[in-house]
Amino acid sequence: MSEAAKEPAKHSYYFGPGLTDLKQVVTSALKNIEESLFSLADTIDSPSFMSNVDSVIINVLWWIFSYTFWIGAATMTILAGVTFCFFMLIPHIAVFLVVDIIGIAYTGIIFVIELVMMKLRRVSLVCDTCHTRFAYPVYICPSCGAKHQELSPNVFGALHHRCTCGAKLPSSLLVLKNPRRSLDAICPNCWKSGREVTVQGAGSHTVCIPVVGGESAGKSAFITAYVKDLIDHQASAHGLTTHFYDDSKKSMYSAMTMDYQNGTVKKTATVTRTDISSTISFSFYLEGEKLKPRRLMQIYDIAGETFVGNSENEQQRQYEHCDGIVLVIDPMSLPKAQALFGNQMDAGDQSAVSSASLEDVMNALNNDLRENTKIDKSGKLSMPLAVVLNKVDEAEGLDDRFGNKGVMKIRAANTERFTDDFDLMDLLCRQFLVDMDMPEIVDLIEQNFKSSRFFAVSAIGHTAGNGNAFKPLNVNAVMSWILQNCDPNLAKDLSMQTFSKASLPLEKPVAGLYEELLAGQGGSKQSSQ
Ligand SMILES: [Zn+2]
Ligand SMILES: [Zn+2]
């Protein structure tokens, strides 16, 4: 750690200073008693022999009587003194204990409220550099710059801590005036490694969604399509406001706007510097009257080459805690799809086909996930995985097989068998991969993820660079499904598309199923909704 780990705050009165005060009071009271004893002893005259009486017997008796009297008087005086002191001390101790217990109980109550609110509101931040998720950043004292790692209700105070410089810092989210989230903060994990990485948005609930895939699969186009629609239309239409995480994200948004309008997209740059994160995050806040706490949306993009080659600069900790993953696949990157539908593509699409093999993409994702996530007892990953078969508009044959056109056709031929378009789309996408000789990919996803759904998508909606603006297809549906799984309140606030709770896939995709569905055979079979 770059600095001493000691918290630069003064202990709360109830957790230390109060006890010291009490100790002082008791010590001084005992000292008083001791002094009283000595002075009492001095004030009582010692008895002596009666010098003017000759009788030895009378003298001895007198002496015994005097001593007994002296001892009795001294004991009474001492007892009276000690009792007086104790009676002065006991109320003091009692009052102190009551006040201290109330103080500790109060801090405990604030601690519990804070804990519950932090959990319920799912307050957390994700560092842009190391991708660690944490609830409490290291807060910086605005007066002296001291780093506070424990600015929460604890032994340093309930609602406020007193910095060693004397500044009063808010230490709970219950403090609304000059709230804690307005303090500057840095990532605790980076700080441990000696780096000071500023984090913003303390007190927010961060929604972290990595968008992964091979080179030219359309990840950036997907992010552009989603972000543009959400920021420009959806948020304001539902009474939410958005603002950017920082100026660099604002510039990213300006570039996205240009791309969106021109219908083009730049390839995600491979990060060549080794001292910065290989993953690029696009981050923005969503705020609204009912949306508490505000959301910090972090959408991760990583160059396909870096992702597939597992050559990231940093450990990909975002998978450890992400709210969902979007896996983007270019269906025309599959050799069999190329053989079947390649002749339906125009030159622009053909030149932009992803060169990444789907097996390599899956291996890379698997490696990242196994390295960075805890697998549950069933051996499955808990975050929802949306599998996007992108560029569905590339070839007529794709739309026919698993796009909206295919869904309509198969539903019309199997009216009783299927009742939900998106559930059927999921089945058709899986079936397509099986038919394209990729059954192991479909199985791998089913075996590894608790919850997955396949979508036919076109992020741009047409061939890139043909002069027309983006016309996204099903991009919002993908994100709606992820948010419905990870942040139902936000999904509700945005009145997003809802999805059935059917167990997917509706049927086991096997060779020949597509032809069977096309012919409308087995129409009596019910979907599992
Ligand atoms: Zn300070
Ligand atoms: Zn960090």
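The values are calculated or read from the model by the stated rules, or taken from the named source; none is laboratory data. Since we're looking at a predicted model, the values are computed, not measured. Positions of Cβ are generated from backbone atoms using ideal geometry, with glycine treated the same way; all protein chains shown enter the neighbour counts. For the accessible areas, the whole protein counts, side chains as well, though only heavy atoms, and no ligand, DNA or RNA atoms are used. Shrake-Rupley method; radii C 1.70, N 1.55, O 1.52, S 1.80 Å.
Name the residues of the range 95-138 whose amide N is less than 17 Å from a point 7 angstrom out from the Cα of residue 22 along the C-beta direction? Answer for the range 95-138: 95-108. Tally up the carbon and sulfur contribution to the accessible surface of the chain as a whole percent, 1.4 Å probe, everything protein left in place. About 58 percent, which is the carbon plus sulfur part of the accessible surface.
Listed by chain and number, the lysines placed with their C-alpha closer than 17 angstrom to that of residue 336 are 391; residues fewer than eight positions away on the same chain are left out.
As a length-normalised measure over Cα pairs under 8 Å and 6 or more apart, the relative contact order of the chain settles at 13 percent.
If you take the Cα centroid of the range 329-388 and the Cα centroid of the range 73-111, the two points sit 73 Å apart.
Per residue, the solvent-accessible area of the chain (1.4 Å probe, heavy atoms of protein chains only, all protein chains present) comes to 47 Å². To the nearest 0.05, how large is the calculated FRET efficiency for residue 396 and residue 292 if R₀ is 45 Å and r is the Cβ-Cβ distance? The computed FRET efficiency comes out at 0.40.
Please work out how much length the chain gains when fully extended from residue 382 to residue 347, using 0.36 nm per residue of separation minus the C-alpha to C-alpha distance, in nm with one decimal.
Working: separation 35, 0.36 × 35 = 12.60 nm, distance 4.05 nm.
Between residue 382 and residue 347, full extension yields 8.6 nm more.
Amide H contacts of residue 328 (H built 1.01 Å from N, in plane; Pro and chain starts excluded): 212, 213, 388 sit under 5 Å, all sequence-distant by 5 or more or on other chains. Each residue of the range 145-159 was assigned a 3J(HN,Hα) from its phi angle through the Karplus expression (A = 6.51, B = -1.76, C = 1.60, θ = phi - 60°), giving x, 5, 9, 9, 8, 10, 7, 8, x, 6, 5, 8, x, 8, 8 Hz with x at Gly and Pro. Highest-first packing order for the peptide set 250-256, 293-299 is 293-299, 250-256, based on the mean count of other beta carbon atoms within 10 Å. For the range 189-251, the Cα gyration tensor yields ellipsoid semi-axes of 26, 20, 11 Å (square root of five times each eigenvalue, largest first, whole Å).
For the chain, the extents of the C-alpha atoms along the principal axes are 145, 52, 41 Å, listed from largest to smallest. Remark: the range 52-188 is approximated by an ellipsoid whose semi-axes, taken from the C-alpha gyration tensor as √(5λ), come to 67, 16, 12 Å, largest first. Take every DSSP beta bridge whose two residues both sit in the chain; close to 55 percent of them are antiparallel. Rg and Dmax of the range 125-199, based on Cα coordinates, read 12.1, 34 Å.
Distances between placed amide hydrogens fall under 5 Å for residue 473 paired with 458, 459, 461, all partners being 5 or more residues away or on another chain.
Translational D (Stokes-Einstein, µm²/s) of the range 205-518 at 10 °C and 1.306 mPa s when Rh comes from the Kirkwood sum over C-alpha pairs? It comes out at roughly 80 µm²/s.
Computed from phi, the 3J(HN,Hα) profile of the range 250-264 under the Karplus parametrisation 6.51, -1.76, 1.60 (θ = phi - 60°) reads 5, 5, 4, 5, 4, 5, 4, 4, 4, 4, 4, 5, 8, x, 10 Hz, with x in place of Gly and Pro. The value given for the range 363-453 is a Kirkwood hydrodynamic radius of 14.5 Å, derived from the mean inverse Cα-Cα separation.
In this structure, the pairs whose alpha-carbon distance is over 22 Å, taken from 147/168; 228/450; 290/501; 380/501; 119/292, are 228/450; 290/501. Taking every DSSP helix (H) stretch of at least 4 residues in the chain, weighting each as -39,500 (n - 2.57) and dividing the sum by the residue count yields a mean residue ellipticity at 222 nm of -13500 deg cm²/dmol. What net charge do the residues around residue 439 carry, taking every other residue with its C-beta under 13 Å from that of residue 439, with Lys and Arg at +1 and Asp and Glu at -1? With Lys, Arg at +1 and Asp, Glu at -1, the neighbours total -3.
Computed from backbone phi with θ = phi - 60° and the Karplus coefficients 6.51, -1.76 and 1.60, the 3J(HN,Hα) list for the range 58-70 is 4, 4, 5, 4, 4, 5, 4, 4, 4, 5, 4, 4, 4 Hz; x is used for glycine and proline.
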